[in-house]
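Here's the structure, in structure tokens; my notes come after.
The values are calculated or read from the model by the stated rules, or taken from the named source; none is laboratory data. As the structure is a prediction and not an experimental result, all values here were calculated from the model. Every residue, glycine among them, receives a Cβ derived from its backbone with ideal geometry; neighbour counts consider all protein chains shown.
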Amino acid sequence: MSSAKAPAWRCPALLLLVFVLAGAGVAAVALPWLAQDRRYDREIERRAEQLGRLRGLAATLPELRRRLEALRKDKSMQAFYLPATDAALAGVDLQRRVKAIVEQVGGSLQSIQVLPVAPEGGMRRVAVRVRFRAMAGALGQALFRIEDGQPLLFVDRLAVRAPVVRRRKGRAPLRATPLNIDMDVHGYMRGKG
């Protein structure tokens, strides 16, 4: 009886195949895990830097609060705010100021409306919506007077439209026509809304 012997190279080859497959399995699991671990390490470093910056900013907070309180108590700052203590009175005062400026520059006021008071940054924002007609030079003067005086006033949502004028052949050259202007003007009152 003859016994069939496996060639001598089969055992080491099978053993090598088992080790290669086991190594490939370990690599298939370990490499993505190590890459994710590196991403986590980078994110931890980034967040630690961000935390350091935020702690530095937080350390300045008491000094900023002290300075803000000093500004609030400074009576010379009052000139920059609308003088009224009531929101409705501040709206009427703002309407009066804007109307006077438009009329001083030769504009023709068409409408003015007080907008709702809104809290903003520890103050109350008082605004009016204005529609008027004026020449280009008068518009420039009005904008300058609104934003240059005291209390501090700001122009938002400015829309300027030139009226459409059709010229017929043989007629005299067109004269300058007033512009139609829409804008919001706002100022601030002290105190929370």
**OP:** Check whether at least one residue in region 21-33 is in contact (Cβ under 8 Å) with a residue 40 or more places away in the chain and either assigned to a helix (DSSP H, G or I) or basic (Lys, Arg) (or both), and report yes or no.
**Re:** no
Subject >> Among residues of region 127-156, those that are surrounded by fewer than 15 Cβ atoms within 10 Å (Cβ to Cβ) and assigned to a helix (DSSP H, G or I), counted >> reply: 6
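Residues checked against (1) assigned by TED's automatic domain parsing to the domain that holds residue 179; (2) on the phi > 0 side of the Ramachandran plot; (3) over 27 Å from the mean Cα position of the chain (by Cα); (4) in contact (Cβ under 8 Å) with a residue 40 or more places away in the chain:
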{"site": "100", "(1), (2), (3), (4)": "yes, no, yes, no"}
{"site": "104", "(1), (2), (3), (4)": "yes, no, yes, yes"}
{"site": "109", "(1), (2), (3), (4)": "yes, no, yes, no"}
{"site": "119", "(1), (2), (3), (4)": "yes, no, no, yes"}
{"site": "128", "(1), (2), (3), (4)": "yes, no, no, yes"}
{"site": "143", "(1), (2), (3), (4)": "yes, no, no, no"}
Original post:
Could you say whether any residue in region 52-68 is at pLDDT below 85 and not assigned by TED's automatic domain parsing to the domain that holds residue 155?
Top reply: yes
**OP:** Check off (1) within 30 Å of residue 127 (Cα to Cα); (2) under 25 Å from the mean Cα position of the chain (by Cα); (3) of a type in the set (A, V, I, L, M) for residue 92 and give me the number that stays unchecked.
**Re:** (2)
Original post:
When residues of region 67-107 are filtered for being loosely packed, with under 12 Cβ neighbours inside 10 Å and not in a helix (DSSP H, G or I), how many remain?
Top reply: 3
